[in-house]
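Report on the following structure.
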Amino acid sequence: MCGIVGYIGKKRDNVETLIDGLKRLEYRGYDSAGIAVIENGGIRSIKSTGKVAELQQKILADWNHHNKPDTSIGIAHTRWATHGAPTHDNAHPHIDDTGRFALVHNGIIENYAALKKQLQLKGHVFKSETDSEVLVHLIAELFDGDLMQAVAASLKQLEGTFGITVISLDSPDSLVVARRGSPIVIGVGDEESIVASDVSALIAYTKRVIYLDDDDIALVSAEGIEIRNIDNVPVSREIAKVDWSSDAAEKGGYEHFMLKEMYEQPEAISNATRGRLDRKMATGMMNGLGFSPKNLAEINRIVIAACGTSMHAGMVGEYYFEDLASIPTEIEQAAEFRYRNPIIEPNSLLLAISQSGETADTLAAVREAINKGATVASICNVVGSTIARETGRGVYLHAGPEIGVASTKAFTCQVTVLLMIALKFGRNRRLATEEGVRLIDEIENIPALVTEVLNDAAKIEEIARKYVYAEDMFFIGRGYLYPAALEGALKIKEISYIHAEGYHAAELKHGPIALLEEKVPVVALANDIPGKDKIIGNMQECKARKSPVIATATVGDDSIREHADDIIWLPECSKYVAPIISVVALQFFSYYFAKLRGCSIDQPRNLAKSVTVE
Ligand code: M6R
């Protein structure tokens with residue numbers, strides 16, 4: 001998804017800081033980039049299609065060798081095309097006709113066509129096909145000596161979502177930033193400020209940040225920050241401290257962020273569980289949920305809303321809440337929840353799961369649920385993210401930054417956190433103390449089990465090498481391993497671009513089996529947990545159609561050998577933990593499969609890390 005960086009200050013090279021920020025946002029996915037700075041009473045801008053490295057080359061060629069700008073204020077952007085192809089003209093920053101205003105924008109302006117027509121009638125000439133360009137013309141049109149007010153007046157006319165940063169020759173000592181539905185964070189430095197759409201762009205410079213709320217507009221200078229709401233009323237936002245180190249957002253010797261994050265899982269899961277298990281009471285301790293035992297007991301239905309990998313984690317959660325706490329639970333694709341007029345009763349809990357905490361559909365589901373009077377809570381990784389703030393209660397993963405577009409450690413931490421929450425709900429109801437203690441033992445052992453899978457990465461790579469020819473693949477599972485099969489298929493398709501489908505093993509016979517043949521491998525999750533005997537039958541059906549079968553199985557379970565061509569052996573564990581360790585194995589399988597096919601792993605084509613538009 002698009003990325004924004006803005007810098008104001010004299011402490012460092014402005015252009016280098018902006019480019020460094022863009023590089024730190026590359027993982028979000030983009031197809032063009034650009035930069036604009038104010039210098040000697042003019043705005044200078046360079047844009048380029050392709051990667052930030054290409055923009056950097058252009059800057060070196062056009063600026064550094066001849067006339068490097070002497071500037072202390074600038075904005076930069078990576079664009080992920082929505083309105084208009086990824087071309088030079090469509091890249092941001094956009095500059096108005098007078099050359100006095102430049103803007104970068106994330107989000108979508110839904111009424112841009114009508115606004116464009118009005119502005120054209122007033123003589124504005126557009127250079128791009130984007131929705132974003134409308135806004136810079138509108139600000140120029142409404143400017144009456146106060147940039148903040150011109151931005152506010154323009155934003156009042158917009159329908160849609162935005163995170164923006166604006167510079168103007170009329171206000172050369174400050175950036176103006178604003179947001180609605182698309183994140184903006186302000187890094188508060190010492191005689192400098194850096195703004196970005198994602199905290200990872202600025203943690204190398206400062207750990208003190210301000211997260212804007214929707215419809216906040218901020219005037220950001222090197223010395224201070226003034227925030228007003230869209231009605232020009234001053235508002236105060238607290239300065240938060242980011243606890244991620246800048247090293248955590250770098251590759252640390254691994255070839256890819258995805259690989260690094262897969263290897264970080266034992267530690268990330270330990271962090272997610274630290275201090276959250278109460279052995280004495282045999283329960284989970286998640287104070288951020290803010291439920292008294294009475295509140296907990298009153299909740300009689302849970303709806304989980306999420307997208308993508310987070311939705312798969314939520315599917316595992318559905319099993320946990322029903323098995324451990326006997327609470328009717330549904331998992332909803334968040335966009336469906338929003339548009340389906342869902343039934344929310346007074347004692348329903350809407351649990352939103354989102355790594356980034358910024359996914360547009362999940363956020364919209366949260367708002368819809370709040371509007372319908374539900375209690376809402378969230379499981380997010382990014383501290384201070386919009387979903388975390390708007391739900392007001394929830395559990396942070398503490399998994400550290402997840403940079404790889406393919407989500408890995410977020411999934412295993414989300415599932416672990418869901419297990420702890422279900423334990424808490426369960427103990428509030430019928431779950432016995434001994435069962436609670438047994439679960440705590442299992443939860444505490446997850447990092448060790450995941451480490452065992454990591455130690456077998458080379459064996460998984462060998463299996464992936466054998467099937468690298470495949471253009472189609474199926475993943476099947478049952479019960480707790482059904483969501484794991486969906487997640488395995490998602491991982492393969494997003495980073496290796498082959499056609500992969502995840503199915504409930506029982507569903508295979510209802511249609512998909514027609515596609516099986518010798519060039520279509522099936523990955524069957526056949527760990528020794530309830531459902532195994534049935535999935536053996538499904539594996540036989542696949543073999544009968546000549547599909548090679550790759551199984552996950554529990555170490556020592558020789559019954560699987562005769563039904564599979566290759567086996568990824570996994571340590572013994574309960575059904576509650578099986579989806580976690582199985583997905584770790586499938587992450588490695590997908591990673592090596594994609595790598596052997598020469599695919600771009602951290603920035604897969606067409607994908608964005610965080611989907612902040614509908
Ligand atoms: O940040 P979120 O967890 O809300 O993101 C949801 C999905 O966009 C995300 O999980 C996506 O499916 C990943 N690319 C999967 O690897």
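The values are calculated or read from the model by the stated rules, or taken from the named source; none is laboratory data. Remember, it's a predicted structure, so these values are computed and weren't measured experimentally. Neighbour counts run over all protein chains shown; Cβ positions are idealised from the backbone, glycine included. Side chains included, ligands, DNA and RNA excluded: accessible areas come from the protein's heavy atoms. Shrake-Rupley method; radii C 1.70, N 1.55, O 1.52, S 1.80 Å.
For this structure, a couple of remarks:
- Scanning segment 91-110 for residues that are small (Gly, Ala, Ser) and under 11 Å from residue 75 (Cα atoms) gives a single hit, 102.
- Selection within segment 113-126 - more than 36 Å from the chain's Cα centre (by Cα) and open to solvent by less than 60 Å² (accessible area, probe 1.4 Å): 123, 124
- Residues located in segment 93-108, provided they are open to solvent by less than 10 Å² (accessible area, probe 1.4 Å) and out of contact with any strand residue (DSSP E or B) (no Cβ under 6 Å at 6 or more places or on another chain): 96
- Looking across segment 370-405, the residues that are at pLDDT below 95 and among the small types (Gly, Ala, Ser) come down to 373, 374, 384, 385, 388, 392, 399, 400, 404.
- Yes/no for residue 592 being more than 14 Å from the ligand (Cβ to nearest atom), open to solvent by 30 Å² or more (accessible area, probe 1.4 Å) and out of contact with any strand residue (DSSP E or B) (no Cβ under 6 Å at 6 or more places or on another chain): no
- Test: residue in segment 84-95 that is β-branched (Val, Ile, Thr) and either part of a helix (DSSP H, G or I) or more than 19 Å from residue 136 (Cα to Cα) (or both): no
- Segment 510-522, residues that are part of a helix (DSSP H, G or I), touching a residue at least 12 places away in the same chain (Cβ under 8 Å) and either within 20 Å of residue 463 (Cβ to Cβ) or not β-branched (Val, Ile, Thr) (or both): 512, 515
- Annotation: residue 553 fulfils all but one of (1) crowded, with 22+ Cβ neighbours inside 10 Å; (2) closer than 27 Å to residue 307 by Cα; (3) of a type in the set (Gly, Ala, Ser); the unmet one is (2).
- Restricting attention to segment 387-407 and to residues that are more than 11 Å from the ligand (Cβ to nearest atom) and in a helix (DSSP H, G or I), the residue that is surrounded by the fewest Cβ atoms within 10 Å (Cβ to Cβ) turns out to be 389.
- Odd one out for residue 558 among (1) out of contact with any Asp or Glu (no Cβ under 9 Å at 6 or more places or on another chain); (2) more than 24 Å from residue 510 (Cα to Cα); (3) modelled with pLDDT of 95 or more: (3)
- Selection from segment 500-518 of residues that are open to solvent by 10 Å² or more (accessible area, probe 1.4 Å) and either of a type in the set (Asp, Glu) or at pLDDT 95 or above (or both): 501, 502, 503, 504, 507, 517, 518
- Matching residues, segment 258-272, being in a helix (DSSP H, G or I) and of a type outside the set (A, V, I, L, M, F, W, C): 260, 261, 263, 265, 266, 267, 270, 271
- Summed over segment 554-601, the residues that are in contact with a Lys or Arg (Cβ under 9 Å, 6 or more places away or on another chain) and part of a loop (DSSP other than H, G, I, E, B) give a count of 6.
- Enumeration of residues in segment 318-364 that are open to solvent by 20 Å² or more (accessible area, probe 1.4 Å) and among the hydroxyl-bearing types (Ser, Thr, Tyr): 319, 326, 339, 359
- Subset of segment 474-492 (residues that are more than 15 Å from the ligand (Cβ to nearest atom) and surrounded by fewer than 24 Cβ atoms within 10 Å (Cβ to Cβ)): 478, 479
- The lone criterion from (1) touching a strand residue (DSSP E or B) at 6+ places or on another chain (Cβ under 6 Å); (2) farther than 18 Å from residue 186 by Cβ; (3) crowded, with 19+ Cβ neighbours inside 10 Å left unmet by residue 27 is number (1).
- Matching option when the condition is in contact (Cβ under 8 Å) with a residue 60 or more places away in the chain and either over 25 Å from residue 360 (Cβ atoms) or among the hydrophobic types (A, V, I, L, M, F, W, C) (or both), among 140, 152, 178: 152
- When restricted to residues that are assigned to a loop (DSSP other than H, G, I, E, B), of a type in the set (Ser, Thr, Tyr) and in contact (Cβ under 8 Å) with a residue 40 or more places away in the chain, segment 198-226 contains 2.
- Options 471, 462, 435: the member that is open to solvent by 40 Å² or more (accessible area, probe 1.4 Å), in the same structural domain as residue 278 (by TED's automatic domain parsing) and among the acidic types (Asp, Glu): 435
- Among the residues of segment 32-72, just one is open to solvent by 50 Å² or more (accessible area, probe 1.4 Å) and touching a His at 6+ places or on another chain (Cβ under 8 Å), namely 49.
- Some residue of segment 285-307 being touching a strand residue (DSSP E or B) at 6+ places or on another chain (Cβ under 9 Å), over 20 Å from residue 354 (Cα atoms) and crowded, with 22+ Cβ neighbours inside 10 Å: no
- Residue match in segment 429-450 (condition: of a type in the set (Gly, Ala, Ser), closer than 25 Å to residue 257 by Cβ and either at pLDDT 95 or above or within 16 Å of the ligand (Cβ to nearest atom) (or both)): yes
- Residue list for segment 523-553, restricted to those being among the charged types (D, E, K, R) and part of a helix (DSSP H, G or I): 532, 533, 534, 541, 543
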